[in-house]
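J.: Questions regarding the structure given below will be posed in turn.
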Amino acid sequence: MKTLELIAQKREVGRKATRDLRKNDLIPACYYAKGKENVNFVVKAKDIRPFVYTAHKPIAQITIEGTDEKYVAVIKSVSFDPVTDKILHVDFLGLIPNHTLTVDIPIILNGTPIGVRKGGKVSQVIHKVKITTTPELLIDALEIDITDLDIGKQLQFKDITKEGWLFSVPPSALICSVKQTRA
């Protein structure tokens, strides 16, 4: 899994302090972990972009400036401004060895199916899925090879086997299918 460094600074909590941070192009963030105290910090907007605007879900190694504290986490949620689409707030979920966590990971389809070469069209129904697993088994994206799908065939979660993973959707949930295009 891809790990990226993130440099942060401690921050004050409060509406006025948060508003002032956002005016200076800084993003307030929070780190949560089971059995640990929550940590409020701030990061530069340009530093958080590789974590938010990507098809994969990288691990963040957060370093708080002025301290020896380091945190390992993944993004749990991101809040956006409804008008400007600027990032308003980011929540990080701490990774603790051998403790289960639930996160959303993207589904990426790889390859050109046989059915597409025959004139069909791929239809992806689910683009991300919520999984429950341990940090040791966590990956940044669920990449699926679909080169063997023919026209009229489909791929469901029961066709995917990952040891130590629990999907939040039923096994019969449809991931993608190859459909016949109109004649």
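Only the coordinates and a few stated rules stand behind these numbers; no lab work does. Here the structure is a predicted model, which is why all the values come from computation and not from measurement. When we count neighbours, we look across all protein chains shown, and the Cβ atoms used for this are built from the backbone with ideal geometry, even at glycine.
J.: Taking the DSSP beta bridges in the chain as the whole, what percent of them are antiparallel, to the nearest 5?
T.: So the antiparallel bridges in the chain amount to around 70 percent.
J.: If each of K10 and H127 carries a label point 7 Å out from its Cα toward its Cβ, how far apart are those two points in nm?
T.: 4.0
J.: In the range 48-102, which trypsin sites (Lys or Arg not before Pro) are in a loop and have at most 14 other Cβ atoms within 10 Å, using DSSP for the loop call?
T.: K86
J.: Also, I was wondering about something else. Go from 0 up to the bin containing the longest alpha carbon distance in the range 119-178, width 10 Å each, and give me the % of pairs per bin.
T.: P(r) over the range 119-178, rounded to whole percents: 19, 52, 24, 5, 0.
J.: Further, regarding this structure: With a cap of 13 neighbouring Cβ atoms within 10 Å, and only residues DSSP puts in a loop, list the chymotrypsin sites (Phe, Trp or Tyr not before Pro) found in the range 5-99.
T.: On the way: sites: Y31, Y32, F41, F51, Y53, Y71, F80, F92; in loops: Y53.
Listed in order of number, the matching sites are Y53.
J.: Note the full-extension length gain between R182 and T112 as 0.36 nm times their separation in residues minus their Cα-Cα distance, in nm to one decimal.
T.: Length difference between fully extended and current span is 23.3 nm.
J.: Given the rule -39500 (n - 2.57) for each run of at least 4 DSSP H residues, summed and divided by the residues of the chain, what is its mean residue ellipticity at 222 nm, to the nearest 500 deg cm²/dmol?
T.: Computed mean residue ellipticity for the chain: -3000 deg cm²/dmol.
J.: Counting only DSSP beta bridges with both residues in the range 3-95, tell me the antiparallel percent, nearest 5.
T.: Close to 65 percent.
J.: Between A45 and H89, what is the label-to-label distance in nm when each label sits 7 Å out along the Cα-to-Cβ direction?
T.: Reported label-point gap for A45 and H89 is 1.8 nm.
J.: So I have [x] 17.7; [y] 18.6; [z] 16.0, and one of them is Kirkwood radius over Cα pairs in Å calculated from this model. Which one is it?
T.: [y]
J.: Using a Förster distance of 30 Å, how high is the FRET efficiency between T102 and K2, based on the Cβ-Cβ distance and rounded to 0.05?
T.: With a Förster radius of 30 Å, E is 0.90.
J.: Restricting to lysine pairs 8 or more places apart or on different chains, what number in the range 1-54 have Cα atoms under 22 Å apart?
T.: 10
J.: If each of V78 and E37 carries a label point 7 Å out from its Cα toward its Cβ, how far apart are those two points in nm?
T.: Distance between label points: 3.0 nm.
J.: Gap in Å between the Cα centre of the range 158-176 and the Cα centre of the range 38-67?
T.: 30
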